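To start, the structure itself, in structure tokens.
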Ligand code: PMV
């Protein structure tokens, strides 16, 4: 048994995954489509040590506790049963971006944990099997396994995985993320999914998704931001509509979130090609082509309520790195 260190990028979904048809297998209520974010990374080292009595998990230099710890241990358990041994592991994981604020840290976390743990256990899963495994840790993590742009089509036989629809070199799209809050969200997406079906808007959103997905797939193929943007914004707003009208209601936005949404729309009226998206948090993802990224970054930095701006091009898939964290 050895140890392995890997790196994964989170992803921003253009069509969101919100709601599950199977809570245990993380089977999504609808297909989703995303782009990996090169500038945001999670680096994770896993080492199985036969002498350990319990798993030891450190995330961002702190011992993991509660739900985060339990989810990592459950995932290690999946790898142990695949490998057929019971050794406990030492896991050290670091994000270079704020976790739990709508930047999809669970996606990169479980993509990284899946590759690091399987490699450390001596297993060599292909991309499809790795994506399936990552999905069991956190649904959106399956989309961080392939490089570039990934489609996760839900299927009901429990084997669903994400596959690449375009590589990272296909299109120089950029996600300029306006950070308006750093606080850890109170209700994470993991439990939020279970509330989706309590919203009267959930079924209406699900009915609209296939049309948005088709238009976005075509827009990626043709590198046409104006074909993607309106559908991406509509789905982000629809997902937040579902969140806001679920029981209990989830309201992730702050006044600064709304300011950024309005600014993006007014910049577009001036001719800038930029569209927004949001994950389960208050921070706003502004998608544009690389030629416009600097202008958008500067404008965001000048908006009241924006605390920082992250700029990311299209990311790679989950991959091993040559060094170890500990
Ligand atoms: O993978 P989870 O359970 O953290 O769900 C992620 C859900 C959203 O980020 C809100 C949307 C998405 O498709 O990434």
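Remarks
- Tabulated pairs, region 207-225, first part of a loop (DSSP other than H, G, I, E, B), second buried (at least 19 other Cβ atoms within 10 Å of the Cβ), C-beta under 6 angstrom, 6+ apart or interchain: 223/171
- Within the option set 51, 77, being over 30 Å from residue 168 (Cβ atoms), more than 16 Å from the ligand (Cβ to nearest atom) and part of a helix (DSSP H, G or I) holds for one residue only, 77.
- Options 147, 178, 141: the member that is closer than 22 Å to residue 310 by Cα, touching a helix residue (DSSP H, G or I) at 6+ places or on another chain (Cβ under 9 Å) and in a loop (DSSP other than H, G, I, E, B): 147
- Residue 183 vs. criteria outside any helix (DSSP H, G or I) and either more than 14 Å from the ligand (Cβ to nearest atom) or on the phi > 0 side of the Ramachandran plot (or both): yes
- Of the residues making up region 54-73, those that are surrounded by fewer than 23 Cβ atoms within 10 Å (Cβ to Cβ) and either touching a helix residue (DSSP H, G or I) at 6+ places or on another chain (Cβ under 8 Å) or in a strand (DSSP E or B) (or both) number 9.
- Looking across region 159-180, the residues that are over 30 Å from residue 296 (Cα atoms) and either away from the ligand (no atom under 16 Å from the Cβ) or buried (at least 18 other Cβ atoms within 10 Å of the Cβ) (or both) come down to 159, 160, 161, 162.
- Selection count, region 131-151, where residues are under 18 Å from residue 168 (Cβ atoms) and surrounded by fewer than 24 Cβ atoms within 10 Å (Cβ to Cβ): 3
Let's see how each residue does on (1) more than 27 Å from residue 109 (Cβ to Cβ); (2) surrounded by 17 or more Cβ atoms within 10 Å (Cβ to Cβ):
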{"site": "246", "(1), (2)": "no, yes"}
{"site": "265", "(1), (2)": "yes, no"}
{"site": "270", "(1), (2)": "yes, no"}
{"site": "286", "(1), (2)": "no, yes"}
{"site": "296", "(1), (2)": "yes, yes"}
{"site": "300", "(1), (2)": "no, yes"}
{"site": "322", "(1), (2)": "no, no"}
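- Which listed residue is in contact (Cβ under 8 Å) with a residue 40 or more places away in the chain, within 16 Å of the ligand (Cβ to nearest atom) and under 17 Å from residue 190 (Cα atoms), from 130, 103, 151: 103
The numbers here are math on the coordinates, done by the rules we state, and not lab data. Keep in mind it's a predicted model, so treat the numbers as computed, not measured. FYI the Cβ positions are ideal-geometry reconstructions off the backbone, even for glycines, and counts take in every protein chain you see.
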